[in-house]
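**Q** Please find one structure pasted underneath; my questions will follow.
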Amino acid sequence: MGLLTADAGANLLDNRSWVKTPDPVFATWEQTRRYGPGHNSFTVAEDGVTDVLVYHARDYRDITGDPLYDPNRHTRVQRLYWHGDGSPLFGVPVGEGGPIVRLSPADARTAYVRHWEYVLRVDKAVRELADTQFRFVPGLAGAGTESLRSVNFPDRYVRVVDGTVQIVPVAAGSPEATSASFRRVPRDGGGISLQLAGDATAYLRHDRGRLIVGPAAGDRTTFLLS
């Protein structure tokens, strides 16, 4: 998918008013096995507020015959986000799974937890939307726990490695599963804390743009979901 932009006061019938973004804004994403997204439209969810992107994509790369008549370009929908300057944030075509969440520290509500080079940190004005998107899934350490799986790298999970919070491949039931599993603790105001499954005194914690592990500390260990 491409993107055309014009100034709000421009003559939209004049082709000189339009500027085309040089690179696609929504494209094949190998990690989620979503190929050839396109032919999009927009709508609003049942709540009347949430903007939704509707598009089609394949779950395989290679096409036999005329691509316009490929029978498996299934219709898909996902939430459309907006940057602070009003420009759309498309992210990547997401794979199968449950609800997608973004996490904001309670002491930095306009910032989001995101991964960068597979290490988690907290940033404002993140344009790489998919780096801020996660799914809660059944805990890799078993009953009573949850794990956080990356949306754009769905083979990777949030894991504490030698004190550093990363996203890495982890197998259920493996020795690493405990450090990639958490217990969700509700907090006042609708937020949650993420307690490490293997240490009831340790939580994911925001510290001046870093995501670290430490004891419970009010807003620093409370995250809002959106």
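The values are calculated or read from the model by the stated rules, or taken from the named source; none is laboratory data. Computed from a predicted structure; not experimentally measured. Virtual Cβ from ideal backbone geometry, glycine too; neighbours counted across all protein chains shown. These accessible areas exclude ligands, DNA and RNA; they are computed on the full protein's heavy atoms, side chains included. Shrake-Rupley method; radii C 1.70, N 1.55, O 1.52, S 1.80 Å.
**Q** Could you give me the residue pairs with C-beta distances under 7 Å whose first residue belongs to segment 66-83 and is open to solvent by less than 60 Å² (accessible area, probe 1.4 Å), whose second residue is assigned to a helix (DSSP H, G or I) and not polar (S, T, N, Q) wherever it lies, and which are 6+ apart or on separate chains?
**A** That search, which allows pairs on different chains as well, returns TYR81/LEU129.
Residues checked against (1) among the acidic types (Asp, Glu); (2) assigned to a loop (DSSP other than H, G, I, E, B); (3) more than 17 Å from THR222 (Cβ to Cβ); (4) within 12 Å of the chain's Cα centre (by Cα):
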position	(1), (2), (3), (4)
ASP107	yes, yes, no, no
ARG114	no, no, yes, yes
VAL126	no, yes, yes, yes
ASP131	yes, no, yes, yes
PHE136	no, no, no, yes
LEU140	no, yes, yes, no
SER147	no, no, yes, no
ARG159	no, no, yes, no
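**Q** Tell me, please, whether a residue that is in contact (Cβ under 8 Å) with a residue 60 or more places away in the chain and open to solvent by 30 Å² or more (accessible area, probe 1.4 Å) can be found in segment 194-205.
**A** No; the residues of segment 194-205 include none that is in contact (Cβ under 8 Å) with a residue 60 or more places away in the chain and open to solvent by 30 Å² or more (accessible area, probe 1.4 Å).
**Q** Could you check segment 136-162 and list, in sequence order, the residues that are open to solvent by less than 50 Å² (accessible area, probe 1.4 Å) and on the phi > 0 side of the Ramachandran plot?
**A** Correct list: GLY142 only.
**Q** Taking into account only those residues within segment 119-157 that are touching a helix residue (DSSP H, G or I) at 6+ places or on another chain (Cβ under 6 Å) and aromatic (Phe, Trp, Tyr), which is nearest to GLY173 (Cα to Cα)?
**A** The residue in question is TYR157.
**Q** Identify all residues within segment 24-47 that are in a loop (DSSP other than H, G, I, E, B), open to solvent by 100 Å² or more (accessible area, probe 1.4 Å) and either touching a Leu at 6+ places or on another chain (Cβ under 7 Å) or not basic (Lys, Arg) (or both); write none if there are none. Break it down stepwise before answering.
**A** Initially, segment 24-47 is screened for residues in a loop (DSSP other than H, G, I, E, B), giving 24-28, 33, 45-47.
Checking the rest, the ones that are also open to solvent by 100 Å² or more (accessible area, probe 1.4 Å) come to 33, 46.
The one that is in a loop (DSSP other than H, G, I, E, B), open to solvent by 100 Å² or more (accessible area, probe 1.4 Å) and either touching a Leu at 6+ places or on another chain (Cβ under 7 Å) or not basic (Lys, Arg) (or both): GLU46.
**Q** Would you call SER174 surrounded by 19 or more Cβ atoms within 10 Å (Cβ to Cβ) and touching a residue at least 24 places away in the same chain (Cβ under 8 Å)?
**A** No.
**Q** Could you give me the residue pairs with C-beta distances under 6 Å whose first residue belongs to segment 21-41 and is under 18 Å from LEU68 (Cα atoms), whose second residue is among the basic types (Lys, Arg) and at pLDDT below 95 wherever it lies, and which are 6+ apart or on separate chains?
**A** Pairs that qualify, where the first residue is under 18 Å from LEU68 (Cα atoms) and the partner is among the basic types (Lys, Arg) and at pLDDT below 95, are TYR35/ARG58; TYR35/ARG61; GLY36/ARG58.
Per-residue answers, yes or no, for (1) over 27 Å from LEU53 (Cα atoms); (2) at pLDDT below 95; (3) not polar (S, T, N, Q):
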{"site": "ARG79", "(1), (2), (3)": "no, no, yes"}
{"site": "GLY97", "(1), (2), (3)": "no, yes, yes"}
{"site": "VAL122", "(1), (2), (3)": "no, no, yes"}
{"site": "VAL137", "(1), (2), (3)": "no, no, yes"}
{"site": "PHE153", "(1), (2), (3)": "no, no, yes"}
{"site": "ARG156", "(1), (2), (3)": "no, no, yes"}
{"site": "VAL168", "(1), (2), (3)": "yes, no, yes"}
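**Q** Kindly indicate whether VAL94 is touching a residue at least 12 places away in the same chain (Cβ under 8 Å), touching a Pro at 6+ places or on another chain (Cβ under 9 Å) and either closer than 20 Å to LEU4 by Cα or open to solvent by 90 Å² or more (accessible area, probe 1.4 Å) (or both).
**A** Spelling it out, it is not the case that VAL94 is touching a residue at least 12 places away in the same chain (Cβ under 8 Å), touching a Pro at 6+ places or on another chain (Cβ under 9 Å) and either closer than 20 Å to LEU4 by Cα or open to solvent by 90 Å² or more (accessible area, probe 1.4 Å) (or both).
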